[in-house]
1. Would you check if there is a residue in segment 135-148 being of a type in the set (F, W, Y), free of Cβ contacts under 8 Å to residues at least 60 places away in the same chain and in contact with a Leu (Cβ under 8 Å, 6 or more places away or on another chain)?
2. Among the residues of segment 98-128, what is the count of those that are surrounded by 15 or more Cβ atoms within 10 Å (Cβ to Cβ) and in contact with a Phe, Trp or Tyr (Cβ under 7 Å, 6 or more places away or on another chain)?
3. Please work out which residue is nearest to A171 (Cα to Cα), limiting yourself to segment 89-141 and to residues that are out of contact with any Lys or Arg (no Cβ under 9 Å at 6 or more places or on another chain) and among the hydroxyl-bearing types (S, T, Y).
4. Does D36 satisfy the criteria of being loosely packed, with under 13 Cβ neighbours inside 10 Å, out of contact with any Pro (no Cβ under 8 Å at 6 or more places or on another chain) and farther than 19 Å from L166 by Cβ?
5. Say we look at segment 68-88 and pick out the residues that are more than 18 Å from H167 (Cβ to Cβ) and over 17 Å from the mean Cα position of the chain (by Cα); which of these is surrounded by the most Cβ atoms within 10 Å (Cβ to Cβ)?
6. Could you list all residues from segment 45-67 that are surrounded by 16 or more Cβ atoms within 10 Å (Cβ to Cβ), of a type outside the set (A, V, I, L, M), touching a residue at least 40 places away in the same chain (Cβ under 8 Å) and not in a loop (DSSP other than H, G, I, E, B)?
7. Criterion first (of a type in the set (D, E) and closer than 22 Å to E168 by Cβ) does D51 satisfy it?
8. Does at least one position in segment 71-86 carry a residue that is part of a strand (DSSP E or B) and over 25 Å from A171 (Cα atoms)?
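The values are calculated or read from the model by the stated rules, or taken from the named source; none is laboratory data. Please read all numbers here as calculations on a predicted model, not as lab measurements. Don't worry about glycine lacking a Cβ; one is built from the backbone with ideal geometry, like all the others, and counts go over all protein chains shown.
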Amino acid sequence: MNPRLASLALLVSLPATGAGMVTVPRAEGYCGSVPDKSAVCFEWRMAFDPDVRFLAYGYEDGIDYWFSRKSGDGRYQTIVAVHPVLRDESRPGRVFWGYPWDITDVALPDSGSDDAMLVSFGHGIVAEGEADPPEGQKRVPAVLFVGRTTQPETTVEVEDFVPLSLHEVRAKAGE
């Protein structure tokens, strides 16, 4: 079997569940504080740690995606920039770019630590947003999410996803 097809088959068949994120209402949190209300802005609270947030912010021509930690005084500290990749159960055998309006949850491995996500550093995805990754981040990982794509032509190629904690993702992104 072609190695690319084998990687894709593993990717698509990798067991994963959801229920790892809760949507933060747009008027609250980060999105509620941005001055440009015309921008695309989505925020989710991570179930494993309610202070950890997944954020998407930008405009039609580029949206940035990252994980942050919200401090007690409401400030957000960026942990790691990521590329969102989407699994749509209604379109088996393919993965798609994870537009924020298509994402419903983060894909969680069936086993492992409570804060593990499915992550890959093996991809050719080029950033579409305008923000630079946080200081010390040399690589931008792809993180697997689940949802329903509204743009099925935006397939992406990603090699094997592995379960990693957010701490491990940040460490590997700095390598």
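1. To start, the set of residues in segment 135-148 that are of a type in the set (F, W, Y) comprises 145.
Remaining after also requiring free of Cβ contacts under 8 Å to residues at least 60 places away in the same chain: none.
No; the residues of segment 135-148 include none that is of a type in the set (F, W, Y), free of Cβ contacts under 8 Å to residues at least 60 places away in the same chain and in contact with a Leu (Cβ under 8 Å, 6 or more places away or on another chain).
2. 10
3. This residue is S120.
4. Taking the combined requirement at face value, the residue satisfies it.
5. R75
6. F54, G58, D64, Y65, W66, F67
7. For D51, the condition - of a type in the set (D, E) and closer than 22 Å to E168 by Cβ - is met.
8. Applying the first criterion (part of a strand (DSSP E or B)) to segment 71-86 yields 76-81, 83-86.
When the remaining residues are screened for being over 25 Å from A171 (Cα atoms), the result is none.
No, segment 71-86 contains no residue that is part of a strand (DSSP E or B) and over 25 Å from A171 (Cα atoms).
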